[in-house]
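One structure below.
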Amino acid sequence: MKLLRFVTAVSSALLVAASAAADWPQWRGPHRDGIASGFKSPAAWTPDTLVRKWSVPVGEGHASPAVVGDRVFVFSREDDREFMRCLALADGKVLWLDSYDAPYEMHPAALRHGKGPKATPTVAAGRVFALGINGGISAWDAATGRVLWRKSFSGDFKNTSPAFGAAASPIVDGPNVIVHIGGKNNGALTAFDAATGDVRWKWTGDGPGYTSPIIGTFDGVRQLITQSQTRCLALSPADGTLVWEIPFTTSHEQNTVTPVVLGDLVILAGIGKPTFAVRVSGTTASTVWENRGITMYMSSPVLSGNFLYGMSDKSRGSLFTLDATNGELRWKSEGRLGDNASITDLGSALLVVNTAGELTIQDKSGDALKEVAKYQVSATAVWASPAVAGNNLLIKDVSTLTLFAVHAP
């Protein structure tokens, strides 16, 4: 497909100044925690509450959409090219588009997942950043689609992505965009200058996992927390200094779950491993609880108050509620939810979208979740997490992006 570009006259300054109240600018929302704080709950969830407004083909991949102001950014694939599209939130029309060659040879065990991309783009300070399936990183001007810089790392690493493709969504911290590059047994968690792409710092202690990092502060110490190929760890986001690390290896080295923070606790999980919490005190981390009955694979949990809600990969997919302060299981569903589910906290309820394209609303007023509504939002598999922009839900399935409006009083 030929390279297309649609340039608008909207300035970067206007884009940056757009209201942040309805923004979903990165993986799992404004704070990378799956919480949709700007959502207004409807009086009741009925067949008329969720209304499909538009649906457009955008290419394949598992990357979630990002929303800033009146624009949607979608990272996807068509044939052997990766595409970044900027769409109008109002009607899904293409405002600009850029693509580049990205041939990729899939691992035989991951054929059903497609060739990606898997990492969600991050939009910050008028720029868009994305990590391709091959481990290359690109930066665009969010208003015009002009490529600001692009880097590939074939000359730096034998393998430029882990076995199942790069999946860690970039995180922007001040002037830096941070992402784990490289492949098996040879990687670098790296801070690039967001404006120029110059390397500001890098930590080369492990290969990348599939986890998207978060940033938290403990006893005044800011920490970048993630899972790499073989460990859970924290670095200083300022200079890349290692703060603490815990050995952590899952089956086929598939560390994927985004960490969750409650006060001085960091909650971590992985396939075939107990869900556990460490207490971080300054520069040290020690395990305070673990729950061997709850394991998680690709579905990252959300925290609401002191309750942790998520999907365990046991029982072919089951929802659960944990007391996040002590790891005690409060409730678990019967199972068979599917291979994966994306969980978003809407305030009064949870939004759960599974791989079968089913969207359910789960009341969380008690220990046990209670399904109050179910909608079929796609006829094909949904692996990407939804984006919540105000009362708009953006659902990316195998190759289509659809906007649903939630009618609320």
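The values are calculated or read from the model by the stated rules, or taken from the named source; none is laboratory data. Note that the structure is predicted; figures quoted are calculated from it, not measured. Don't worry about glycine lacking a Cβ; one is built from the backbone with ideal geometry, like all the others, and counts go over all protein chains shown. What goes into the accessible areas is simple: the full protein's heavy atoms, side chains included, and nothing from ligands, DNA or RNA. Shrake-Rupley method; radii C 1.70, N 1.55, O 1.52, S 1.80 Å.
One line per residue, one yes/no per condition, for (1) open to solvent by less than 40 Å² (accessible area, probe 1.4 Å); (2) touching a residue at least 40 places away in the same chain (Cβ under 8 Å):
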residue	(1), (2)
Leu351	yes, yes
Thr355	yes, no
Leu359	yes, yes
Lys370	no, no
Gln376	no, no
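If you take the residues of region 48-72 that are open to solvent by 40 Å² or more (accessible area, probe 1.4 Å) and touching a residue at least 60 places away in the same chain (Cβ under 8 Å), which of them is nearest to the chain's Cα centre (by Cα)? Before the answer, list the steps.
Within region 48-72, the subset open to solvent by 40 Å² or more (accessible area, probe 1.4 Å) is 48, 51-53, 55, 57, 60, 70.
If we keep only those that are touching a residue at least 60 places away in the same chain (Cβ under 8 Å) as well, we get 48, 51-53, 55, 57, 60.
Values: Asp48: 29, Val51: 25, Arg52: 23, Lys53: 24, Ser55: 22, Pro57: 21, Glu60: 16 Å.
Only one residue fits best here, namely Glu60.
Looking at region 137-155, which of its residues are part of a loop (DSSP other than H, G, I, E, B) and at pLDDT 95 or above? Let's see the steps before the verdict.
At the first step, the residues of region 137-155 found to be part of a loop (DSSP other than H, G, I, E, B) are 142-146, 152-155.
Result: Ala142, Ala143, Thr144, Gly145, Arg146, Ser152, Phe153.
Looking only at region 214-236, count every residue that is at negative phi, in contact (Cβ under 8 Å) with a residue 60 or more places away in the chain and either crowded, with 24+ Cβ neighbours inside 10 Å or in contact with a Gly (Cβ under 8 Å, 6 or more places away or on another chain) (or both) and tell me the total.
Residues in region 214-236 being at negative phi, in contact (Cβ under 8 Å) with a residue 60 or more places away in the chain and either crowded, with 24+ Cβ neighbours inside 10 Å or in contact with a Gly (Cβ under 8 Å, 6 or more places away or on another chain) (or both): 3 in total.
Looking only at region 161-176, filter to residues that are touching an Asp or Glu at 6+ places or on another chain (Cβ under 8 Å) and open to solvent by 40 Å² or more (accessible area, probe 1.4 Å); which one of those is farthest from Asp79 (Cα to Cα)?
Pro175
Hey, among the residues in region 112-160 that are of a type in the set (Gly, Ala, Ser) and closer than 23 Å to Ala381 by Cα, which one's most open to solvent (accessible area, probe 1.4 Å)?
Of the residues in region 112-160, the ones of a type in the set (Gly, Ala, Ser) are 114, 116, 119, 124-126, 130, 132, 135-136, 138-139, 142-143, 145, 152, 154-155.
Filter once more, keeping what is closer than 23 Å to Ala381 by Cα: 114, 116, 119, 130, 132.
On the way: Gly114: 24, Gly116: 3, Ala119: 0, Ala130: 0, Gly132: 2 Å².
Checking each candidate, the answer is Gly114.
Among the numbered criteria (1) in a strand (DSSP E or B); (2) among the acidic types (Asp, Glu); (3) open to solvent by 20 Å² or more (accessible area, probe 1.4 Å), which single criterion is violated by Asp98?
Unmet for Asp98, out of (1) in a strand (DSSP E or B); (2) among the acidic types (Asp, Glu); (3) open to solvent by 20 Å² or more (accessible area, probe 1.4 Å): (3).
Only one of Ala188, Ala168, Ala238, Ala195 is assigned to a strand (DSSP E or B) and at pLDDT 95 or above. Can you tell me which? Explain how you work it out, then say what you get.
On the way: Ala168 fails: assigned to a strand (DSSP E or B); Ala238 fails: assigned to a strand (DSSP E or B); Ala195 fails: assigned to a strand (DSSP E or B).
Matching residue, one of Ala188, Ala168, Ala238, Ala195: Ala188.
Name every residue in region 398-409 that is in a loop (DSSP other than H, G, I, E, B) and either modelled with pLDDT under 95 or open to solvent by less than 20 Å² (accessible area, probe 1.4 Å) (or both), in order of residue number.
Going residue by residue through region 398-409, those that are in a loop (DSSP other than H, G, I, E, B) are 398-399, 407-409.
His407, Ala408, Pro409, listed by residue number.
Quick one: in region 73-95, of everything that is more than 25 Å from Ser152 (Cα to Cα) and open to solvent by less than 10 Å² (accessible area, probe 1.4 Å), which residue is farthest from the chain's Cα centre (by Cα)?
Initially, region 73-95 is screened for residues more than 25 Å from Ser152 (Cα to Cα), giving 87-95.
This time we only want the ones that are open to solvent by less than 10 Å² (accessible area, probe 1.4 Å), so: 87, 92.
Details: Leu87: 19, Gly92: 21 Å.
This residue is Gly92.
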